[in-house]
Structure formats: structure tokens, C-alpha cells
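Only one structure is covered here, and it is reproduced in the block below.
Throughout, read-outs are computed from the coordinates displayed, never taken from laboratory work. Nothing here was measured: the structure is a model prediction, and the numbers come from that model. With ideal geometry, Cβ positions are generated from the backbone for all residues, glycine too; neighbour counts draw on all protein chains shown.
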Amino acid sequence: MSKKQEYIAPIKYQNSLPVPQLPPKLLAYPEAPETNPDSSQLINSLYVKTNISNLIQQDEDLGMPVDLMKFPGLLNKLDSKLLYGFDNVILDRDDRILLRDPRIDRLTKTDMSKVTFLRRTEYVSNTIAAQDSTSLKRKRRLDNEGSDDENLDVNHIVSRVEGTFNNTDTWKHPVKKGVKMVKKWDLLPDTASMDQNYFIMKFMGSASLDTKEKKALNTGIFRPLELEEDEWISMYATDHKDSAILETELEKGMDEMDDDTHEGKIYKFKRIRDYDMKQVAEKPMTELAIRLNDKDGVAYYKPLRSKIELRRRRVNDIIKPLVKEHDIDQLNITLRNPSTKEANVRDKLRMKFDPINFATVDEEGDEEEEQQEEDTKGESAEDLKEEPKEETEGKQNEESKQSEEPVVDEPEILNNAGTKQTPEVQNEGIPQEE
């Protein structure tokens, strides 16, 4: 068989091997970008985990020289090239974009009313007509207000406001539509009590376990104590009978009170408990105390200054002697009418809120009363001074009379100690009988 035949008809051998029973299975392995050795996240994580500060050498300026003193001849020769070295540097074309204004990409809000070619004409005409109508209404309103002279009259304004309270049948509750008004009160400020400050006393803590409601206290006294070591407030209360009497007496006016009825009447207030106090500052006139007077149909309100929270007090054993020393177990309270001077001081404070009912205080009358009191004190002091003068003059006259009388020599007696003794004389000028 020649070689030429091999090229023409190559011999082919058959491969009769069987297919393998378990062929290899190709799996899709998920490759995370963090595990890629060329990723920046892997380098950052390695930089955080390992300390490479020893491998990198850094100077104090972190590679940027800031100290101008290191430039030679900067201060002496004043070379401008060293100061302004970047003026003649030509920026690359790709870096010039960094010099533009960063706000150039922001879209400015244009006035759409001027852009008529982007909108329909009917919409533009409607907006212009609406603006004209509102401006005309505003002008008419201002003209009417300017021409109305009644708005400047105070009496007309008051009558118009009071007229809104006449027809109360039309009033409706803002939330509960089915609720109707049954009775009304005139809300007025309680100017008679504006000379005092009022607080809200709130007891903080858990509720009582007793199901029976306790009787409300009509009167009570809170006595605050402030020391360098600690501060607290003591609560005092009296029995319900005296509390009701005291409440009615306090509600009376100065003209209705009589000092004879209160003479000798003592209200005993006993200490109940001490509390820790915390004053919560609030905005003025946020909370009001309203007192209803059904007889006159008036509701008087008083502004509350602030709120004081009271909590149960736990005293340290070290401070117990100090607390016991400053606490008072009982307070005896009596009532009396204020003096003219005290009443004038209170009226001055009330006059700021109600100058009509509380007229200006006559200070001249107070000065005259004070001068009269001072004159009476001065006269009494002069009388006291004259009395000892008369006594001294009488003593001097008696001494002069005694000096004119003959002096009798008394015998001297020596005792065992050698001291002198004078005999006792019962009647002056009469010798003793033996």
C-alpha cells in the first residue's frame, strides 16, 4: 500500500467506548465583587483591619508644605513668584470645567405668566381676570373701611361685640353638634385678687387604694422652706368645720368683715406631711382659675402664674435633726382687717388692672398719717426724757439738804479679820437705847 493511497482514503477507526455513568456537572459559582482582588472595597477593608501607619511615612503637613517660613527669601526679598506661583499655570482643557459656577446646573423658576406661547390663551385670560377681580375687591374693601367712621368709634366697637352675645340660640358647640347652651355667665377678670400670685399645686404619685372618696379641703396652708442642705414644703390643714367658716370669711369683703367677730377666734392648722417641690415654669395666661358667681351671673377668672409638682418626701437620716428643727407642728391663724397702709399698697397693685374701681391712692393722706405717728412718737420720747430730769433735780436738792445737816461720827469696830464694820442703824438721827 503506497503512501499516495493513504492521502486519498484515510483509514478510520471506530470508538465504541460506552458513555460514562456519572458525567461531570458544571456548577455556576457566584462571584462577589468584594472578593475580587482588584476591587477597592477589599483594599479598604484590609486598610481598616490592619495598621499600616508604620509602613507609610508622613510629615507634619501630610505632604503639603504650609509653613511659609521654609521658603527662602520670601519675607526678605518679597519675591512675588513665590507667593503667586499658580498665576501663569495653564490648566488642561479637561480641568477647566472645574472652574465654572456649580449653580449653573440648577434650573431657575421662571414666571409662567409671561410664557404665553407655551399655554393656551383661555387659561391665561382666566388667571388675569381672577387677579383683577381680587384686586378690585380688595380696593373696595379698603375704601369702605376708610370711609366708615364708625370703626374708629370705641363705643360702636364695644356695642358691636356685645351684640354678638344677645342671640345665644344660634350658638353651637364646635365638636358636639347636638349640645345646646343652658346657661351663660359674663367672663370678667377678678381685679380684686390681682394683687396676689396664684399657683397650681399638683400632687404627683400613684392613686389611692381606698375606694371611698376623701373630702375636699376648702382651706390649706403650704409653708415652703429653703435651706442650703435641702428644700421642701410643708402642708397644713384644719378640721372641716373651721375650714368652712374660714372659707366664708375669706370670701367676704373688707366692709362686711368685723374685727369684733374675729377677736379671740384662732384657727389651728396642723402639719400633715412634707413634700418635695418642683416648680414648672409655663407661659403666662396659659391656665386660668374661674370662679362662678350664680347670684350676679358673672364668672371671674384669675391668671395662674406657674405649676408646682409635689411628691412624697423621703428624708435622709443625716438631715432628720435639721428637718425636725425647722418644721412647725401647728400654726395658729387669726383674721383681721388690713390697715390703711396695707390697703393702699394692695390698691396700687390692683389699679394697674382696674383703674376705675380702684382709684389712685391719696399719698398725701398717708404722709400726713405717718407724720402724725412720728409726732406722737417724738412727744412721748420727750416726756420720757423730761421725767428723769425732774428726778435728778429732786435728788440734787436732797443731797444739798443732807450736806447742810451735821455729820455724826460713827464708831468703827474691827472684827477678827481686821476689816472695818459699821453698826446697823434702824432709825436715822435717833441713837439706839441700850
- Item | Two-site label geometry, His240 and Val158: point separation in nm, points 7 Å out along Cα→Cβ | 4.6 nm
- Message: Between Asn344 and Met181, what is the label-point separation in nm under the 7 Å Cα-to-beta-carbon projection?
- Response: 4.5 nm
- In region 171-242, which GluC sites (Glu not before Pro) are in a loop and have at most 12 other Cβ atoms within 10 Å, using DSSP for the loop call? Glu213, Glu228, Glu229
- Message: Using Cβ counts within 10 Å as a stand-in for footprinting exposure, how do Ile43, Ile318 rank, fewest first?
- Response: Ile318, Ile43
- Item | Cα-projected label distance for Lys352 with Ile11, points at 7 Å along beta-carbon direction, nm | 13.1 nm
- Message: For a quick check: sort Met235, Met201 by the number of other beta carbons within 10 angstrom, fewest at the front.
- Response: Met201, Met235
- Qualifying trypsin sites (Lys or Arg not before Pro) for region 151-256 [loop in DSSP, other Cβ within 10 Å: at most 14]: Lys172, Lys176, Lys177, Lys180, Lys183, Lys184, Lys212, Lys214, Lys215, Lys252
